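Take a look at the structure set out below.
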Amino acid sequence: MDTTVGQVVAAEMRLLDPKVRASRALAAELLRPDFTEAGKSGRWWDRTSMLAELPTMAGAPDTVSVRVSGMRGTVLAPGVVHLTYTTEVAGARARRSSLWLRGDDGAWRIYHHQGTPAPEGTEQS
């Protein structure tokens, strides 16, 4: 795996970690100020709304953990990485897509995320 992609995969996995999801401060380190998300529910999120609700979402402590499979990454341009993968939480599967940008400080932060429901019987990859 490319070193750059590996760094971004590590950041994405950190964002999925229940301890990070439970901490607005830790999660905020990984979200750009202009972060947006088209959630699998169809809801549109910005950084403020995501940080407000993230600790109570699936994957937070005392909830079912997130299972990840098929993580792949592509460097689209210097400082821009696109990740795709599948998650499963309590039997509900979703296909995921994330765009990560490297800041002037060298840190990777997520710019946009999309989650799309993946019904039972659809292929994993």
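The values are calculated or read from the model by the stated rules, or taken from the named source; none is laboratory data. Remember, it's a predicted structure, so these values are computed and weren't measured experimentally. When we count neighbours, we look across all protein chains shown, and the Cβ atoms used for this are built from the backbone with ideal geometry, even at glycine. Calculation scope for accessible area: heavy atoms of the full protein, side chains included, ligands and nucleic acids excluded. Shrake-Rupley method; radii C 1.70, N 1.55, O 1.52, S 1.80 Å.
Assorted remarks:
- Couplings for segment 40-56, taken from phi via the Karplus curve 6.51 cos²θ - 1.76 cosθ + 1.60 with θ = phi - 60°, read 5, 7, x, 6, 9, 10, 10, 4, 4, 5, 5, 5, 5, 9, 3, x, 9 Hz in order; Gly and Pro are left as x.
- Note on surface exposure: M13, M57, M50 rank M13, M57, M50 by accessible area, highest first, 1.4 Å probe.
- Rounded to the nearest 500, the helix-only mean residue ellipticity at 222 nm of the chain stands at -6000 deg cm²/dmol, with each DSSP H run of n ≥ 4 adding -39,500 (n - 2.57).
- Isotropic mean projected area of the C-alpha convex hull, segment 1-74 (nm²): 5.4 nm²
- If the segment from A25 to S41 were pulled out straight at 0.36 nm per residue, it would be longer than the present Cα-Cα gap by 3.3 nm.
- Each Lys and Arg Cβ is given +1 and each Asp and Glu Cβ -1; about its Cα centre, the chain then shows a dipole of about 100 debye.
- Counted residue by residue at 0.36 nm each, then reduced by the alpha carbon distance between them, the extension gain from T116 to S97 reaches 6.0 nm.
- Surface composition of the chain: carbon plus sulfur atoms contribute 55% of the solvent-accessible area (1.4 Å probe, protein chains only, all chains present).
- List S49, S41, S65, ordered by accessible area with a 1.4 Å probe, largest first: S41, S65, S49
- Two-decimal ratio, the chain, of alpha-carbon radius of gyration to 2.2 N^0.38 Å: 1.00
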